[in-house]
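Have a look at the structure below, then the notes.
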Amino acid sequence: MAIITQRTLAVVITLTPSHRNKFIDCQKAKVQIAVLPIMVVKTRWNSTLELLKQPYRLREYTREWLKNPKYSDYGPLFTTQDEWTIVKYVLEVLWPLQY
């Protein structure tokens with residue numbers, strides 16, 4: 001379930017320049033280089049793992065982005081804490097050296 005919701009959330013965030021800019025603004029005070037969520041691509045090797053790894057790192061900024069009343073309709077797409085725990089375990093098992 002987490003993969004589907006993360007991909008959908010990535011699509012929503014990158015859908016318009018306004019959405020992208022607000023997401024980048026959520027990161028500006030905390031990181032040097034702001035990044036956007038990625039979407040899984042069939043031709044890219046390891047893209048499913050990347051689809052889990054990057055949103056896991058960006059979860060704080062995604063939560064902040066969703067706090068904006070303009071994007072509150074997308075709140076149900078945010079992964080629950082239990083799902084984040086499962087994502088963390090999957091990353092630790094499948095990508096133990098790079099995680």
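The values are calculated or read from the model by the stated rules, or taken from the named source; none is laboratory data. Model, not experiment: these values are computed from the prediction. A quick note on method: Cβ atoms are made from the backbone with ideal geometry, for glycine too, and the neighbour counts reach across all protein chains shown. These area figures cover heavy atoms from the full protein model, side chains too; ligands, DNA and RNA do not enter into them. Shrake-Rupley method; radii C 1.70, N 1.55, O 1.52, S 1.80 Å.
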(Q) Give me the one-decimal nm value for the distance between modelled label points at Glu64 and Thr14, 7 Å along each residue's Cα-to-Cβ direction. (A) 2.1
**Q.** Residue of Ile33, Ile13, Ile24 that the Gaussian network model of the chain assigns the largest fluctuation, springs spanning Cα pairs under 10 Å
**A.** Ile33
Q: Sort Trp65, Trp95 by accessible area with a 1.4 Å probe, largest first.
A: Trp95, Trp65
Q: Note the angle between two axes, namely the Cα long axis of helix 2-14 and the longest principal axis of the Cα atoms of the chain, as a number of degrees from 0 to 90, rounded to the nearest 10.
A: 40
**Q.** Solvent-accessible surface (1.4 angstrom probe) belonging to Ser72, in square angstrom, nearest 10
**A.** 60
Q. Does anyone have the angle between helix 81-94 and the longest principal axis of the chain? Alpha-carbon axes, 0 to 90°, nearest 10?
A. 40
Q | Cut-off 14 Å between beta-carbons: net charge of the residues surrounding Thr14, Lys and Arg +1, Asp and Glu -1 | A | +3
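For Ile38, Ile3, give the ranking by accessible area with the largest first, probe 1.4 Å. Please report the intermediate quantities before stating the final value.
Numbers: Ile38 45, Ile3 70 Å².
Sorted descending by solvent-accessible area, the residues read Ile3, Ile38.
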**Q.** D_trans [Stokes-Einstein, Kirkwood Rh over alpha-carbon pairs] for the chain, 37 °C, 0.692 mPa s, µm² s⁻¹
**A.** 236
Q. Taking the Cα atoms only, what angle lies between the long axis of helix 47-67 and the longest principal axis of the chain, rounded to 10 degrees?
A. 30
